[in-house]
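The values are calculated or read from the model by the stated rules, or taken from the named source; none is laboratory data. Keep in mind it's a predicted model, so treat the numbers as computed, not measured. Cβ sites come from the backbone with ideal geometry, for glycine too, and all protein chains shown count toward neighbours. These area figures cover heavy atoms from the full protein model, side chains too; ligands, DNA and RNA do not enter into them. Shrake-Rupley method; radii C 1.70, N 1.55, O 1.52, S 1.80 Å.
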Amino acid sequence: MKRRLSALVLAGALLCGGRVYAHHSFAATYVENQQLSIEGEIVQFAYRNPHALLQIVAPDARHQMQRWTVEWEARGQLDREGVTGMTLKAGDRVIITGNPGRNASDHWLRVLTIVRPKDGWKWNVSAASMR
């Protein structure tokens, strides 16, 4: 009985540890000491875990239209902040400021702020989210 319990505890610890290890480092993916702003139209809002994603069509630094992938908070965090799957919709024009991805040609951002100019809706990253 003790051997079985020990095996279960060990298996549980390995599974939990594996999940923590599997979460990516924002510093490995994004340039955290740089910020970039884009203004464009939402193509898709994936309200999901582990992170919500926005697809935005917006110009790059050379004024060429690009499809940007914007990584946001986890769904549970957004829920607690009053954001729902209906807060943003395809066609909404937004201004997003965030940390650019390490590979600029991938057109990825990690959200710091979102503004929807048509009605003034705003979202800012919280200090707790930056950990």
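Applying the criterion of being surrounded by 15 or more Cβ atoms within 10 Å (Cβ to Cβ) and within 14 Å of the chain's Cα centre (by Cα) to the residues of region 114-128, the residue that is modelled with the lowest pLDDT is V125.
Quickly run through region 87-106 and pick out the residues that are buried (at least 18 other Cβ atoms within 10 Å of the Cβ) and part of a loop (DSSP other than H, G, I, E, B). Scanning region 87-106 gives L88, D92.
Within region 95-109, residues that are within 12 Å of E39 (Cα to Cα) sit with their Cβ atoms under 6 Å from residues that are surrounded by 12 or more Cβ atoms within 10 Å (Cβ to Cβ) and not hydrophobic (A, V, I, L, M, F, W, C), at 6+ positions apart or across chains, in these pairs: I95/E39; T97/Q35; T97/S37; T97/T113; G98/R110. Looking across region 47-65, the residues that are within 16 Å of I96 (Cα to Cα), in contact with a Gly (Cβ under 9 Å, 6 or more places away or on another chain) and open to solvent by less than 90 Å² (accessible area, probe 1.4 Å) come down to A52, I56, V57, A58, P59.
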